[in-house]
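Note sheet for the following structure.
The values are calculated or read from the model by the stated rules, or taken from the named source; none is laboratory data. Quick caveat, the model's predicted, so the values are computed rather than measured. Glycine also receives a Cβ, built like all others from the backbone with ideal geometry; neighbour counts cover every protein chain displayed.
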Amino acid sequence: MFRKILIANRGEIACRIIRTARRMGVATVAVYSDADAGALHVAMADLAYRIGPAAPRESYLNTAAILEAVRVSGAEALHPGYGFLSENADFAEACAGAGVVFIGPPPSAIRAMGGKSQSKALMEQAGVPLVPGYHGVAQDEATLTEAAARIGYPVLIKASAGGGGKGMRVVESAADLPAALAGARREGLSSFGDARLLIERYLQRPRHIEIQIFADAHGNAVHLFERDCSIQRRHQKIIEEAPAPGMDPVLRAAMGEAAVAAARAVGYVGAGTVEFIVEGGAFHFMEMNTRLQVEHPVTEAITGTDLVEWQLRVAAGERLPKMQDALSIDGHAIEVRLYAEDPARNFLPSVGTLTHLELPATARIESGVRAGDAITPDYDPMIAKLIVHGPDRATALARLRIALAGCEVVGVQTNLALLGAIARHPAFASGAFDTGFIGRNPEVLSLDATPPTTAIAAAALHLLGQPAPAHAAEPHSPWSTTDAFRLNLQGEVTVHLAIDDGMLTIRSRPDGDAWHLSWDDIAHHARLSHGTLWLDGTTIPLTLVPGERLTVLTAGRPYAFTVIDPLAPPSAAPPGADHVLAPIPGRITAVLCAPGDTVAKGQPLIILEAMKMEMTLTAAMDGTIAAVRCAVGDMVQERADLVDFAAEA
Ligand code: MV4
């Protein structure tokens, strides 16, 4: 076994790899960018080296800096994690050239599976079933038109070099084909520098089922069953589970054999995943991911394995720890990805400091952050993965609901409400879902932000125990205290709270050892002590997190209140539709307008790149551009004013 490995990654996966290496007695070396100098993976490792500025291109994708860290640290092997350089064949080759073992497949296997058309041709030869389609070299209009007709409409056009749904177009009939081909070519060229296309029969309600495979350098290859990753949003997985609900053992065996055949066909070594789409009992190869995947823990849970340990053993030349006969499925596991993203802003990444973070001890937690850390615009905004396991799916799902209720995140917006809504949804519980789940159940995306009575009462009681506003003219006068001293008003104190667009006025007065609170014409009797609210005779546990906003965590959800000081001077009116503001911090990648331009509502004005996403900012109204306050390459802060419209004539 290696004495020391370097982890060329960050966040939860770097932490997860360090944990297993340490258990195996292998020393660990972290690398970090300037943005990560204080990150958890750096604190956990035995040694750590700076590799560059925050931008991935200059740090976690910087081959020279990473190989220099390998050299000075004396690491014998390098684990690339997922993302970044994990599926870069040139990097894997550079590792070999530098005398360090790349903990992953041979560069030739990465290359063979890298392109869609090429990998499909290889898989066809290996007898792995494909979606009926065309993935040939010829790209002329006549060939593609004839292929689409032969396949039968509806067809799906994909960019040969594509991934993540980019460049995909559904075409319902031959009349729509020329425009769709032209559009997909343009998108392929701009996104991947490659205009080649392939065409497939469009499956209307597929499930995304993938097979975990593992191979060693001695000619052994096994599969570790399937994961169902059908619950996705915009090609981003949010819930994964193993085994797939309702999976038939015959189909499982056939998919497992096909996945192993796929691995053998490219001389695979190490951990890999073969993705299929499944519809009506038939399965079709989509692509192979030549890395350890984010969702590998559900496979670990049902097979009782540690796949990072397997990766290290195989990379060190050992045989697979278990052969196919020794592998079986134990119960059911579900993983959810908790992201820092804002449901109210179309699930854009939400940046900020995690002022409060509690994750449930009842689930396996994989996280790269702790309370006090920041979610920055530089990297993926995942906060944590939660993995639950049980003897059957119903038990695992019940454990998931409990685990989600135990998550407390303050400082950034999260997708917790979405995860909870899916975990409670009957169609998810039934197991009869496909990749269209969120599209057909859009109510899971909408959140009811109305705070419950408990949260309002707790916020008001907390504020009643706080000092008076700082601007009070005479801080020691009875008029400025909040102990409910008032002449002729029965000791009444008024608290003003704002939540989202709403505003609440709560009247309060002491009542024995508790308070009498009233708002919206309803009165309550309440007391707050030791993290418990006593309200109208019922005791409710909750968490209060003071800060710029006061957050009350109750019933598994955060409610953030802004304390309104009615005596404070009015602030400047916020810019409205006549300004384009940066929704999150990021880098300007295109400026599509200039002063004096007349633009129409909805017209793209600025393209902003942040958290690995590209965002097009559009005009909120028809008008004339007065000023453009940013240029390509600028880093801008959240709410930065990017474009101003001229005042209406
Ligand atoms: C498909 C498909 C239907 N028919 N191919 C989306 C991303 C890429 N990896 C493949 N994708 C799809 N390919 C055919 N012939 C539907 C999808 C698809 C999808 C696949 C897996 C998980 C989620 C998805 C969401 C929308 C579409």
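The figures follow:
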read-out: Options Val274, Val278, Val269, Val294; residue that is away from the ligand (no atom under 16 Å from the Cβ), among the β-branched types (Val, Ile, Thr) and out of contact with any Leu (no Cβ under 7 Å at 6 or more places or on another chain); value: Val269
read-out: Set Tyr60, Tyr32: member being under 25 Å from the mean Cα position of the chain (by Cα) and outside any strand (DSSP E or B); value: Tyr60
read-out: Of all residues in region 589-603 being at pLDDT 90 or above and in a strand (DSSP E or B), the one that is nearest to the chain's Cα centre (by Cα); value: Val591
read-out: Any hit, region 92-107, residues being surrounded by fewer than 21 Cβ atoms within 10 Å (Cβ to Cβ), on the phi > 0 side of the Ramachandran plot and either assigned to a loop (DSSP other than H, G, I, E, B) or β-branched (Val, Ile, Thr) (or both); value: yes
read-out: Qualifying residue in region 7-29 (condition: acidic (Asp, Glu) and surrounded by fewer than 19 Cβ atoms within 10 Å (Cβ to Cβ)); value: no
read-out: Region 113-170, residues that are of a type outside the set (A, V, I, L, M), away from the ligand (no atom under 13 Å from the Cβ) and outside any loop (DSSP other than H, G, I, E, B); value: Ser117, Gln118, Glu124, Gln125, Glu141, Thr143, Thr145, Glu146, Arg150
read-out: Residue that is nearest to Ile329 (Cα to Cα), among those in region 198-246 that are more than 9 Å from the ligand (Cβ to nearest atom) and small (Gly, Ala, Ser); value: Ala242
read-out: Flag if Ala195 is away from the ligand (no atom under 16 Å from the Cβ) and part of a loop (DSSP other than H, G, I, E, B); value: yes
read-out: Region 219-246 residues that are more than 23 Å from His389 (Cα to Cα), paired with ones that are within 12 Å of the ligand (Cβ to nearest atom) and in a loop (DSSP other than H, G, I, E, B) (beta carbon under 7 Å, 6 or more apart); value: His235/Gly164; His235/Gly165
read-out: The lone exception for Ser86 - which of (1) of a type in the set (Gly, Ala, Ser); (2) crowded, with 21+ Cβ neighbours inside 10 Å; (3) in contact with a strand residue (DSSP E or B) (Cβ under 8 Å, 6 or more places away or on another chain) it fails; value: (3)
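A quick yes/no check of all residues on (1) within 28 Å of Pro541 (Cβ to Cβ); (2) without any contact (Cβ under 8 Å) to a residue 24 or more places away in the chain; (3) assigned by TED's automatic domain parsing to the domain that holds Pro510:
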residue	(1), (2), (3)
Leu419	yes, no, no
Ala423	yes, no, no
Phe428	yes, no, no
Ile438	no, no, no
Ala458	yes, no, yes
Leu461	yes, no, yes
